[in-house]
Amino acid sequence: MKTLNVKILSSADIDWAAQEKALIDIYKWGGSFQPEAWGQVAYVKTGDEKEGVYVHFFCAEANPRAIYHKHNEPVFKDSCMEFFFTMNDPDKSANGYINIESNSDPTTLIAYGHDRYDRTPIMDMGIKPFALTSNKTDSTWELFEFVPLAVLQKVFGITEVNEQTVFKANLYKCGGDHQVLPYGSWAEIDSPTPDFHRPEFFGELKLVK
């Protein structure tokens, strides 16, 4: 299983240059466009409203396609970066997973469930869409995401997040204005056709201090 070290930090002022990169470099399906892309994850443990999972994405892609501007529209058809993840207390059975899909607008599609067909939009669970910001240059774009601890507790039923918490995920790059769309992932997916909704192939996010 692929592993990424995720630091438990004491401040939401994150130095992303010091965080480990999850390279999205497995382009198992798609055409010749395989942009340099990566994601980074940190957990901020502050005991207040700033506590939660923080994610940073980077992609070397000029003029990323972004035609969808309403929450839960099919942003995966745009230039899109995606974070699918699950958490469990060590002594509990497996939960479903959250999928956060976003274009560079940033507009999101976010849901929870156990597979591709069992998905519930988080707004239907009484949860507001997560805070995302984006940054674009002439040749790159970035995303910054925050998932509050209160959401992790409500969705996954965990009491707190620490080094014993089971944390698994995959990170993806897809979509865009291309004849043959790219499908990139951090952890490899054993499927003959593109399918990001395969939690059995998630990698481990190891929480460390």
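Bear in mind that the values in this text are calculations on the coordinates, not laboratory data. Just so it is clear, the model here is predicted, and its values are computed rather than measured. Every residue, glycine among them, receives a Cβ derived from its backbone with ideal geometry; neighbour counts consider all protein chains shown.
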Next on the checklist: Using a 10 Å cut-off around each Cβ, can you sort ASP124, ASP13 from fewest to most neighbouring Cβ atoms?
Outcome noted: ASP13, ASP124
Next on the checklist: Given an 8 Å cut-off on Cα distances and at least 6 residues of separation, report the relative contact order of region 1-108 as a percent.
Outcome noted: 20 percent
Checklist outcome for this item: Sorted by chain and number, the residues with a modelled amide H under 5 Å from that of ALA111, at a separation of 5 or more or across chains, are ASN99, ILE122
Checklist outcome for this item: Place a point 7 Å from the Cα of THR137 in the direction of its beta carbon; the residues of region 57-87 whose amide N falls under 16 Å from it are 57-64
Next on the checklist: Counting other beta carbons within 10 Å of each residue's own, what order do MET81, MET87 fall into, fewest first?
Outcome noted: MET87, MET81
Checklist entry - In percent, what relative contact order does the chain have, based on Cα pairs under 8 Å that are 6 or more apart in sequence? => result 28 percent
Item to check | Approximate spin-label separation ASP91-ILE14, in nm, with each point projected 7 Å along Cα-to-Cβ | outcome: 3.0 nm
Checklist entry - Once you list every other residue whose beta carbon is under 11 Å from the beta carbon of LYS28, what net charge do they have if Lys and Arg are +1 and Asp and Glu are -1? => result -4
Next on the checklist: Relative contact order for region 88-157: what percent, with Cα pairs under 8 Å and sequence separation of 6 or more?
Outcome noted: 24 percent
Checklist entry - Label GLU49 and GLN153 with points 7 Å out from Cα along Cα→Cβ: what is the distance between them in nm? => result 1.5 nm
Next on the checklist: Shape verdict for region 133-192, please, from the Cα gyration tensor: rounded (a/c under 1.5), prolate (a/b greater than b/c) or oblate.
Outcome noted: oblate
Next on the checklist: As a footprinting exposure proxy, order SER32, SER102 by other Cβ within 10 Å, with the fewest listed first.
Outcome noted: SER32, SER102
